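Visitor: Attaching a single structure in C-alpha cells format; questions to follow.
What follows draws every value from the coordinates through simple rules; no lab data is involved. Nothing here was measured: the structure is a model prediction, and the numbers come from that model. Every residue, glycine among them, receives a Cβ derived from its backbone with ideal geometry; neighbour counts consider all protein chains shown.
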Amino acid sequence: MRTYLIPLMLLAATGCSTTETARTVAVSDVATANLVRADGSNVGVATLSDRSDGVWLSVAAVKLTPGTYGIHLHAVGKCDAPDFTTAGPHWNPAQKQHGFDNPMGTHAGDIRNLVVNAGGVGAIEVELEGALYEGPTGAMDADGIALVIHEKADDYATDPSGNSGKRVICGVFTKG
Ligand SMILES: [Cu+2]
Ligand SMILES: [Zn+2]
C-alpha cells in the first residue's frame, strides 16, 4: 500500500509543476501581410498585433535558403517588384539611426536577423518595444508599413540599412 502511494504523490507533484498558467492577452487589432518574392510567389505570412502587452510582430516564412537574413519593418506599405524600393527606408518615427550596435540607434523597424533553418523555415515573434500600432507615429499610419527580408544578414551597425543587401521578400500589412 505504501509503495503504491509514493508514485501517485510524485505524479501529482509533477502535474502541478508542469501546469501552464494561462496568460490573458487582449488583442485590439491585427494586420496581416503576405510575404512575396519579386516573381510574386508567396513564401509566408507576417502579422502585426495591437495587444494589451504591446505591439507584436510575428513572421513565418517557408521555402527559403537556410541562412541568416536582415529583416525590417519599412516605412511605406508598398511592395512594387522587382526591387521593393517603394517600401521606403526602415520605419523610423523617432528619427534614430540604424542598428542595435549603433549608439545613435535604433529604428523602430529594426528587428534581429531572421535565422532560416535547414528545412527552409524562418519564424520569429517579437515585441516592438515602445512602438505604437496606429496614429501618426504608429506602424499602421496613413502610408502603411511593410515587412522586408533581405539577401544577407544585417550587421546591426551600418546606417541606414545594416548593409543587408537587396530586398528579396516583401509584404504589405493590411488590417483585418
Ligand atoms: Cu530592410
Ligand atoms: Zn534600421
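Visitor: Which residue, of E134, E151, is under 19 Å from L48 (Cα atoms) and touching a strand residue (DSSP E or B) at 6+ places or on another chain (Cβ under 8 Å)? Step through it out loud before you land on a result.
Guide: Values: E151 fails: under 19 Å from L48 (Cα atoms).
Result of the check over E134, E151: E134.
Visitor: How many residues, within the stretch 130-176, are closer than 19 Å to T106 by Cα, under 16 Å from the mean Cα position of the chain (by Cα), more than 12 Å from ligand 1 (Cβ to nearest atom) and surrounded by fewer than 19 Cβ atoms within 10 Å (Cβ to Cβ)?
Guide: 3
Visitor: What pairs come out if I take residues in the stretch 113-128 that are among the basic types (K, R) and pair them with residues that are buried (at least 20 other Cβ atoms within 10 Å of the Cβ) whose C-beta lies under 7 Å away, six or more apart or interchain?
Guide: Partner pairs satisfying both residue conditions: none exist.
Visitor: Mind counting the residues in the stretch 46-75 that are surrounded by 19 or more Cβ atoms within 10 Å (Cβ to Cβ), within 16 Å of ligand 1 (Cβ to nearest atom) and not aromatic (F, W, Y)?
Guide: Qualifying residue count for the region: 12.
Visitor: Still on this structure: Taking the stretch 118-131, which residues are among the acidic types (D, E) and in a loop (DSSP other than H, G, I, E, B)?
Guide: Hit for the stretch 118-131 is E129, nothing else.
Visitor: If you don't mind, there's one more thing I want to ask. Restrict the check to the stretch 74-91 and report whether at least one residue is under 14 Å from the mean Cα position of the chain (by Cα) and more than 11 Å from ligand 2 (Cβ to nearest atom).
Guide: The answer is no; no qualifying residue exists.
Visitor: Might you check whether a residue that is more than 16 Å from A146 (Cα to Cα), touching a His at 6+ places or on another chain (Cβ under 7 Å) and without any contact (Cβ under 8 Å) to a residue 40 or more places away in the chain occurs anywhere in the stretch 91-104?
Guide: yes
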